[in-house]
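Values in this text are rule-based calculations from the coordinates and carry no lab data. If you're wondering where the values come from, they're calculated on a predicted model, not measured in any experiment. Don't worry about glycine lacking a Cβ; one is built from the backbone with ideal geometry, like all the others, and counts go over all protein chains shown.
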Amino acid sequence: MEAARPPLPGTGPTGYGDGVELLSGRSALARWTAWWAAMTLVFWLLGRVVGQEPSLPGCAATAVLAILCGELGDGWRRRRARSRAAKSAAGAGGPVG
């Protein structure tokens with residue numbers, strides 16, 4: 001008999017169906033720190049390209065806000081998709097008309 005396999009990424013209780021899974025502990029902190037640092041660098045470079053004198057703390061704060069807005073929007077989109085899927089599944093067996 002084969003031993004039980006761990007669940008595939010994206011199929012666990014996180015609800016992410018696209019291969020993304022929530023990380024815990026240090027790996028999550030490292031992942032978010034890397035993402036924040038990359039966004040900060042992008043904002044700083046964009047400021048330099050357009051001829052502004054960007055401040056690193058300002059770019060870091062903007063990166064945090066951009067990431068938060070993106071996460072909130074993604075959460076809202078996922079909740080909306082789940083709600084629509086539940087409504088269509090509930091209405092699939094009903095009478096037509």
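Relative to a virtual label point 7 Å from the Cα of residue 41 in the Cα→beta-carbon direction, which members of segment 67-85 show backbone nitrogen distances below 20 Å?
Counting only backbone N, you get 67-68.
Show me the ranking of peptides 68-75, 54-61 by mean Cβ neighbours inside 10 Å, starting with the highest.
So the peptides 68-75, 54-61, ranked by packing, come out 54-61, 68-75.
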